[in-house]
Structure formats: C-alpha cells, structure tokens
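Peer 1: Structure below; questions to follow.
What follows draws every value from the coordinates through simple rules; no lab data is involved. Here the structure is a predicted model, which means the values were calculated and not measured. Backbone-built Cβ (ideal geometry, glycine too); neighbour counts: all protein chains shown.
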Ligand SMILES: O=C(O)c1ccccc1NCC(=O)[C@H](O)[C@H](O)COP(=O)(O)O
C-alpha cells in the first residue's frame, strides 16, 4: 500500500515528513485552503529525495497556471479536485502523473469515471464537501464496492489513527494508496510526526 501525505507548507515540517519516506507528498495550490503553499520557496522542494513524488493539488485552475506551477516546483504529479474535464486531464498527463479526485457521497455515480479512462493515472476518492478537500470527514467505504473499473485509486477523506486499521478490511483490488492529511495535524498544514510514524507502521502491516 502506497502512502501520500498531503497539505505540507512549512519547510521544517516538510523535511520531517520527507524523512518518513512517503510515496507522494501533496502541496496545496488552492488559495482558499488553509494549507495553501503561497510563496513557498521552490528550493525547499528541490531538496526532497527523488523517490517521493511531489504532487501539486489544484481546484479548477487554468491549464496555464497549473503548467507554470509544475515548472516552478518541478512537480511530478498533479491532483485535481475541481470539475476538470477528461480533456484537461489528458493535456496534463502528457507531462506529469495525473490524479483526478472525486467527492464521494451516497449518490455518487461511478459511471462518471468512464470518460476519464486512459486520461488519468489514478482516481482519488475523497469525501464530498463544498470545500473540495481537507474536510477531515470520511465517507462510507462500502460504496467503493460499486467501483468496478481498473484505474487504481487513492483512498482519501478523514483517514486517521482511529479508522486506519479498517483500511485493512478493504479488499478492493484497485486500492493503491491512502492519503493522510488533516487527521495528522497539530494545526492546519503542520503534520504531527509521531502520529504519522504510527500510521506508517500500521499501513506497512496492511
Ligand atoms: O487539504 C486541503 O485543504 C484541500 C483543499 C482543497 C482541495 C484539496 C485539499 N486537499 C487534498 C487532499 O488530498 C486531502 O488529503 C484530502 O482532501 C483529504 O483530506 P482530509 O479529509 O483532511 O484527510
């Protein structure tokens, strides 16, 4: 099981999380989020180990702005949390790994995903909220049984030490990674390293 830690912003904390060797680190490029990276110095990210995929997280940004930000931070992946179209995703996929996020609730229609097949590398299933992400709320993971596609996915939304062990009960063959964010914070964008260490140990045994 791969691990993504999302919502990093502060240099010292970024380096402490990197020392845990997650597979992906997410940097929020959406100004309405409390985890927005703002004018984060690109030299901080340039020093991260190559095996950690630096991921820019966007919500309905223009392709120009996404491309500019990819170039600035040398992102290897983008995660898209708005209503980005399959064509938009395909344009970015010629350059970086594309993770398309969907807000899931009881009414979610997995048929919507068909248009994205071969246009994205991964789906990310998050809890549907008006804030687009970072809610700290989980959804009913049983809904994932309705997903019969073969694009691998990240499980996201309100994952914490309280429910992480239940991830081990998910037998879906396309579950690729778990996404850890607000449940591992002492304040927005400040990750609690001890909590993350516990989570990494749990995930290693899944
Ligand atoms: O984290 C945010 O503030 C955020 C805001 C807007 C769009 C996406 C955002 N985060 C993206 C993520 O990958 C989060 O890890 C995901 O939404 C789950 O967050 P949480 O429920 O806090 O675990």
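Peer 1: I need the fraction of alpha carbon pairs in segment 87-151 separated by more than 14 Å, rounded to a whole percent.
Peer 2: Above the 14 Å cut-off, segment 87-151 has 59 percent of its Cα pairs.
Peer 1: What is the spin-label model distance, in nm, from residue 195 to residue 109 if the labels are put 7 Å beyond Cα along the C-beta direction?
Peer 2: A separation of 3.7 nm, rounded to one decimal place.
Peer 1: Another question, if that's okay. Helix-only estimate, please: 222 nm mean residue ellipticity of the chain, summing -39500 (n - 2.57) across DSSP H runs of length 4 or more and dividing by its residues, to the nearest 500.
Peer 2: That calculation yields -6000 deg cm²/dmol at 222 nm.
Peer 1: What list do you get for 6, 89 if you sort them by fewest beta carbons within 10 Å?
Peer 2: 89, 6
Peer 1: Percent relative contact order of segment 2-205, based on C-alpha pairs within less than 8 angstrom and at least six residues apart?
Peer 2: 19
Peer 1: Still on this structure, please answer the following. So what's the Cα pair-distance distribution over the chain, bin width 5 Å, in %?
Peer 2: Going out from 0 Å in 5 Å bins, the chain shows 1, 7, 17, 21, 22, 17, 10, 4, 0 percent.
Peer 1: Let me ask another. Would you mind calculating the relative contact order of segment 1-63 from Cα pairs under 8 angstrom and at least 6 residues apart, reporting the percent as a whole number?
Peer 2: 36
Peer 1: Of the peptides 186-196, 33-43, 115-125, how do they stack up when ordered by the mean number of other Cβ atoms within 10 Å, highest first?
Peer 2: Ranking the peptides 186-196, 33-43, 115-125 by packing returns 115-125, 186-196, 33-43.
Peer 1: Testing the spin-label approximation: label points 7 Å from Cα along Cα→Cβ at residue 161 and residue 90. State their distance in nm.
Peer 2: 4.6
Peer 1: Just want to confirm a number: the relative contact order over segment 95-190, from Cα pairs under 8 angstrom separated by 6+ residues, in percent.
Peer 2: Relative contact order of segment 95-190: 26 percent.
Peer 1: Between residue 206 and residue 12, what FRET efficiency follows from the Cβ-Cβ distance if R0 is 25 Å, with the result rounded to 0.05?
Peer 2: The pair residue 206/residue 12 has a calculated efficiency of 0.30.
Peer 1: Give me the distance in nm between label points sitting 7 Å out from Cα along the Cα-to-Cβ direction at residue 65 and residue 2, one decimal.
Peer 2: 2.6
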